[in-house]
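For reference, the structure discussed in these notes is given below.
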Amino acid sequence: MVLVYVCNACTHKLNTGDLLFVVSEQTDFEKSIVEVTKNEKQDFNFTHVGIINVTDTGIYIVEAVPEKGVIYTNINNYDSTTFVIGKLKPKYKKYADAAVKRACSHLGKGYDYAFDFENNLYYCSELVYDAFVFASKNPHFFETPNMTFKKEGKNEYLPFWVEYFDNQNIHIPEGKPGINPTGLSHSKQLRIKN
């Protein structure tokens, strides 16, 4: 994988429809995402993902973030953040513009704290999933494995997730279909450059 730091010299390599995967474990939320989605076989475990839109006025990320919902962020706001780029394989590039347009149609919608595909709110990887499913007209464009909020190899929930869902007064959506940045990074439609 290539570790990319935002700079004027490297942004020319980006294309509309590329995915920006963020490596961060600064908050308890991010640490808890990694704990239940990590992959021991890779160098990085991702806590966030957004869709890149390259325009005449700059490079932007369409993303869903806690407390803000679906927003449009200038890539320069990612200064000193470590991220990796997932590029669409050639046969899937035809979906890029429609996917970005679809993601932008959700701007202003709230963040999906419940990780629920049915509530018209979006978490980061759900926004990416929705955009490419819409663009490709293929509900299985990306895999949606069953979610878990348990410690790896254990039959107990991480304390963070118990408190997280208790505070929302909803049941832990264990076993429901979902998608996460680390899992998404392994999709056959993407190429993570070496």
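Just so you know, all these numbers are worked out from the coordinates, no wet-lab data involved. Predicted model only: the values in this text are computed from it and were never measured. Cβ sites come from the backbone with ideal geometry, for glycine too, and all protein chains shown count toward neighbours.
Could you give the length gained by full extension between residue 166 and residue 114, i.e. 0.36 nm per residue of separation minus their alpha carbon distance, to one decimal place?
Working it through step by step, the gained length comes to 17.6 nm.
Amide H to amide H, which residues 5 or more places from residue 144 or on other chains are under 5 Å from it, using H placed in the peptide plane?
Amide H neighbours of residue 144: none.
Could you calculate the FRET efficiency of residue 94 with residue 74 from 1/(1 + (r/R0)^6), where r is the beta carbon distance between them and R0 is 22 Å, rounded to 0.05?
The formula returns an efficiency of 0.25 here.
What GluC sites (Glu not before Pro) does the stretch 137-194 have in DSSP loop regions with at most 16 other beta carbons within 10 Å?
143, 152, 156, 174
Can you return the lysines within cross-link range of residue 154? Criterion is Cα-Cα under 25 Å, with same-chain partners fewer than 8 residues away left out.
31, 38, 41, 176
For the chain, set up a Gaussian network in which alpha carbons nearer than 10 Å are linked by springs, and say which option among 13, 101, 176 fluctuates the most.
Among 13, 101, 176, the largest mean-square fluctuation in the Gaussian network model of the chain belongs to 13.
Using only alpha carbon pairs under 8 Å that are at least six residues apart, calculate the relative contact order of the chain and give it in whole percent.
Once normalised by length, the contact order is 26 percent.
Residue by residue, what Karplus-based ³J(HN,Hα) values in Hz, rounded to whole numbers, does the stretch 161-171 have, using 6.51, -1.76 and 1.60 with θ = phi - 60° and x for Gly and Pro?
Working through the residues one at a time gives 6, 4, 5, 4, 6, 4, 5, 8, 6, 10, 6 Hz.
Set the Förster distance to 45 Å, then compute FRET efficiency between residue 151 and residue 56 from the Cβ-Cβ distance, nearest 0.05.
Rounded to the nearest 0.05, the efficiency is 0.40.
What's the exposure ranking of 185, 105, 125, 136, going from fewest to most Cβ atoms within 10 Å?
So the residues, fewest neighbours to most, are 105, 136, 185, 125.
With springs only between Cα atoms under 10 Å apart, run a GNM on the chain and tell me which of 48, 106, 140 wobbles the most.
Residue with maximal mean-square fluctuation among 48, 106, 140: 140.
If the reach is capped at under 22 angstrom between alpha carbons, list the lysines near residue 13, excluding any in the same chain fewer than eight residues apart.
In chain and number order, the partners are 87, 89, 91, 93, 94, 101, 188, 193.
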